[in-house]
Every structure is written in C-alpha cells, then in structure tokens.
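The values are calculated or read from the model by the stated rules, or taken from the named source; none is laboratory data. Everything numeric in this text was worked out from a predicted model, so none of it was measured. Because the Cβ atoms are built from the backbone with ideal geometry, glycine has one as well, and the counts that use them run over all protein chains shown. All accessible areas refer to the heavy atoms of the entire protein, side chains included, with ligands and DNA or RNA removed. Shrake-Rupley method; radii C 1.70, N 1.55, O 1.52, S 1.80 Å.
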Amino acid sequence: MGLLYARLIARKNRALGGLLGCMLSAVFISSAQAETINVSPSDDLQAVLDNVRDGDQVILSQGVHYGNFILSKTVELTGAEGAVLDGNKKGHTLQVDSTDSYIHNLRIQNWGVDLTTLDSGVFVSRGAANTRIENNYLQGGGFGVWVDAAPGTQIVANKVEGDLSMRSSDRGNGIHLYNVTGTLAKDNEVWHTRDGIYIDTSNKNELIGNKLHDLRYGVHYMYSYHNLVKDNVTTNTRTGYALMQSKYLTVIGNRSKNDANYGILMNYITNSTLTGNRVEGVQNNRNPHMQQQTNLAGLEGKALFIYNSLFNEIRDNLFAESDMGIHLTAGSEDNVLSGNAFISNKEQVKYVATRKQDWSHSGVGNFWSDYLGWDMDGDGIGDVEYEPNDSVDRLLWKFPSAKLLLNSPAVETLRWVQRQFPVLKSPGVVDSHPLMAVPDTFDGSGLQVDTVNAQLVEN
C-alpha cells in the first residue's frame with residue numbers, strides 16, 4: 001500500500017512538472033516571437049499592420065505616413081519624434097479593431113469630416129476592449145477619438161485640436177464615448193472641436209483632470225449613470241459642464257472660468273452630487289456670438305442652471321462673479337443646497353416655481369456676499385434668514401421692460417406692502433441659516449472675500 005501511494009505521488013509530481021515546463025516554454029516562445037518593427041514613410045504601413053503578430057511593437061520613422069489604417073492585431077503602435085499619420089482628409093486615420101492595443105506618441109491628422117460616418121482620428125471599434133491611447137496630438141475636423149461600445153478604454157494625456165475654419169456645429173467632438181463602460185479620460189487637452197468630451201449612454205466611466213477650452217460644451221453628458229467628473233477645467237466655452245438626462249453623477253473639484261452661458265447646467269439630473277466645484281465669471285458678454293444681445297432677458301450668464309432636476313446634493317461649491325449665481329426652474333425641487341458660497345454675482349438667485357424652498361440643511365446654509373443680517377450669538381450663522389427674491393423680482397422676470405421703474409415710488413410701495421403684509425408674499429427661496437463667512441471648504445485655495453465691497457479676491 002505504501003509503495004503504491006509513493007508511485008502515485010511521483011506520477012503526480014511529474015505531471016505537474018511537465019505542465020509547468022510547458023507554461024514556461026510558452027511564455028519564453030511568446031516573448032521570443034515578439035518583434036520591434038521599424039516602418040519608414042516609403043513602406044506599406046497597412047501591409048506591416050496586417051502581418052504583425054500579437055505583442056509586436058511597430059515604430060514609425062519620422063515623416064508623414066499617408067493612408068487610412070486598420071489595426072487588427074494586439075500591438076504597440078508608436079513613433080519617433082516627427083512621425084505623422086495623415087488620413088488624406090477622408091474616413092478614419094486609424095481604426096482599432098484589436099483588444100489591448102497601445103497607441104502613443106504620434107501626431108494624427110487630416111481625417112474626414114463626415115459626421116454621419118463618424119470620421120475620426122482614432123476610431124475604437126466594439127471589439128477593441130482595453131485600448132490605450134496616450135500622449136498623441138490629434139488635429140482634424142471630424143471626431144478626435146470615438147470609442148464605440150468598447151469597454152476599458154484609456155485616453156490619457158492627449159491633445160485634440162479641431163478645425164477652427166469650420167462652423168462649430170459641423171465639427172466633431174474631441175473625445176466621444178458611446179455606450180462604453182470603464183473608460184478613463186484623464187489629463188487630456190481639447191480645443192476648437194464642437195464639444196470637448198461627449199458621453200452618451202455610458203456608465204461607470206471617469207473624466208479626470210482634463211483641460212477643455214474654446215468649445216461649445218466642455219463636458220456633455222447624455223443618458224449616462226454612475227460617472228465620475230473630477231478636477232476638470234473649462235474656459236471660454238458656451239457651457240462648461242452640460243449635464244443632461246443622467247443619474248448618479250459625481251461631479252467634484254471641477255472648475256469653470258470665463259464660460260459664457262452656463263458654468264454648470266443640470267437638465268433632468270437626479271440623485272447626483274456636486275461638491276467642491278468652482279464656477280467664476282460666467283458672463284454673456286464674454287461670448288463673441290452674443291455681444292449684441294447681452295441686455296435681453298434670459299441671456300444672462302448663469303453659474304448654475306437647474307432645470308427639472310430632483311434629489312441632488314449641491315454642497316461646498318463656489319459660484320462667483322457671474323451675471324447670475326443660480327437659476328432654478330421647471331420643478332427643480334427636493335435638492336440639498338448647503339455650504340456653498342455665492343459671491344459678487346449681479347443677481348444671486350432666480351427661482352421660478354410655486355413652492356417655498358429652504359436652502360439650508362441640518363442648520364447649515366450658504367454664504368451670500370450681499371447678506372445684510374447679523375450674528376448676535378457669534379455662532380457663525382446669521383440671525384435673520386436670507387431671502388434673495390421678492391414679488392417685485394418676479395414681476396421684473398415676467399416683464400423685463402419694467403426694470404425702467406426699478407427705483408420708482410410705485411415699486412418701492414410694492415416692496416413696503418410686501419414687508420408689512422408677509423401673507424401677500426409669493427413662494428420662493430430662503431436660506432434660514434445663512435453663513436456669516438466663506439466656508440472652511442475653501443481654505444488653502446487662495447480664496448478671500450472683501451466683505452466691504454462684496455468682491456472675490458484671490459492671492
């Protein structure tokens with residue numbers, strides 16, 4: 001019995017040893033077969049890409065490689081300094097059909113401009129999961145990078161420039177994500193495309209640290225759930241962050257500066273969190289397309305616009321130096337607004353609805369640079385509630401030309417009657433616990449407030 005057992009153990013060990021040896025041999029053979037292939041502009045690059053093996057590295061030599069290329073193998077595609085892929089102004093310059101490919105350090109240019117056929121600098125097809133696109137410069141009129149339902153894509157540290165000679169509506173988006181999951185777009189710079197990053201029907205993706213400027217929308221969300229938008233910066237756009245028809249968004253630490261129509265726009269957004277964002281200088285006179293219309297009602301630059309959005313938390317954000325701090329309309333109720341700072345906006349709040357809303361939570365309201373109340377007990381909370389709008393304001397919203405009578409005896413009489421007979425007041429926004437100082441959230445950010453002149457000051 002003992003001899004039989006010993007023989008069985010020996011046989012098992014030999015089998016395991018053989019299996020391990022086969023595995024090591026396979027790894028060695030795979031490593032040995034991987035090649036580095038250098039391609040000059042005079043070579044047939046597509047033929048090279050068709051004949052490489054999975055795991056090969058293809059290095060493009062300096063110069064322009066013309067064509068519309070398809071990558072159907074898992075390879076690393078890179079280039080020496082000055083290596084260019086040029087799409088001859090048609091179709092995709094590079095289409096990726098393989099999984100786990102790595103495209104980096106290339107200039108990619110002159111793809112097509114037909115948005116119907118999704119002409120792109122880099123088109124990542126559905127079968128190309130886990131593609132990495134890193135440190136490339138893309139310039140063209142169609143889409144910069146289009147990811148078509150491929151999971152796990154990483155788009156990192158690229159520069160995407162659109163074609164300024166085309167109308168904005170005719171250009172593609174810089175980065176377009178359609179029906180994707182697990183995509184990371186990080187540290188990219190996008191300008192002169194239509195939108196910077198457009199996300200459609202996509203869940204569980206991350207947008208981190210991107211710089212988006214001179215665009216229609218910086219970030220544009222449609223029908224997407226459970227996404228993270230963090231530490232991005234938008235400047236000189238018509239709308240910094242257009243969040244539409246989406247749920248469970250986490251929007252933290254972003255900045256909108258000198259955008260024109262909206263800093264952050266929330267349209268049918270539910271169960272989402274906005275915290276630690278800074279929106280400054282949203283003014284329509286910054287938009288060259290609107291310079292002749294800035295006095296018309298409804299065209300004010302809005303730091304935050306909330307339309308038909310419910311059950312969101314809006315905490316610890318800065319909304320400053322804009323035509324309007326926040327515009328709330330179309331049944332946007334049951335949102336938590338607390339710990340925010342509204343500083344030096346020409347108009348702090350515009351609220352169009354029929355239900356009173358208290359913008360404080362658990363005894364903590366918001367900081368308002370035009371608050372004239374007092375704090376007798378020194379607890380940092382104003383003793384008088386802050387009410388930004390009254391019935392006269394609502395009358396002016398409805399009849400903008402009535403602003404000519406703003407300081408007339410008739411208007412002053414209406415306001416006096418409203419104060420004497422509060423029962424006549426229409427529903428609106430109040431902050432029952434206004435903060436006397438800018439929240440500690442902004443400590444270390446260089447933010448200071450000149451409370452005498454109600455101005456934002458940065459060191």
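For this structure, a couple of remarks:
- Loop-located trypsin sites (Lys or Arg not before Pro) in region 51-131 (DSSP state other than H, G, I, E, B) with a sparse environment of at most 15 neighbouring Cβ atoms within 10 Å: Arg53, Lys89, Lys90, Arg126.
- For Gly209, the shell of other residues with beta-carbons less than 9 Å away shows a net charge of +1, using +1 for Lys and Arg and -1 for Asp and Glu.
- Shape category assigned to region 137-230 from the gyration tensor of Cα positions, a/c cut at 1.5: prolate
- Annotation: amide H-H contacts under 5 Å for Gln348 (H modelled 1.01 Å from N, sequence separation of 5 or more, or interchain): Gly325.
- Think of a 1.4 Å ball rolled over the protein heavy atoms: region 50-138 then has 42 Å² of accessible area per residue.
- Local charge for Trp191 was computed over the other residues whose Cβ lies under 12 Å away, with Lys and Arg +1 and Asp and Glu -1, and equals 0.
- Peptide packing: for 316-322, 128-134, 45-51, the average count of neighbouring Cβ atoms within 10 Å per residue gives the ranking 316-322, 128-134, 45-51, highest mean first.
- Shape category assigned to region 91-146 from the gyration tensor of Cα positions, a/c cut at 1.5: oblate
- Taking 0.36 nm per residue of separation and subtracting the Cα-Cα distance, full extension of the segment from His361 to Tyr307 would add 17.3 nm.
- For region 157-245, accessible area per residue (1.4 Å probe, heavy atoms of protein chains only), Å²: 36
- Exceedance of the 24 Å cut-off in Cα-Cα distance is limited, within the set Lys159/Lys257; Lys230/Lys356; Lys211/Lys350; Lys90/Lys186; Lys204/Lys230, to Lys230/Lys356; Lys211/Lys350; Lys90/Lys186.
- Sorting the segments 272-280, 337-345 by their mean number of nearby beta carbons within 10 angstrom, highest to lowest, gives 337-345, 272-280.
- Among residues other than Phe143 with Cβ under 11 Å from its Cβ, the summed charge is -2 (Lys and Arg +1, Asp and Glu -1).
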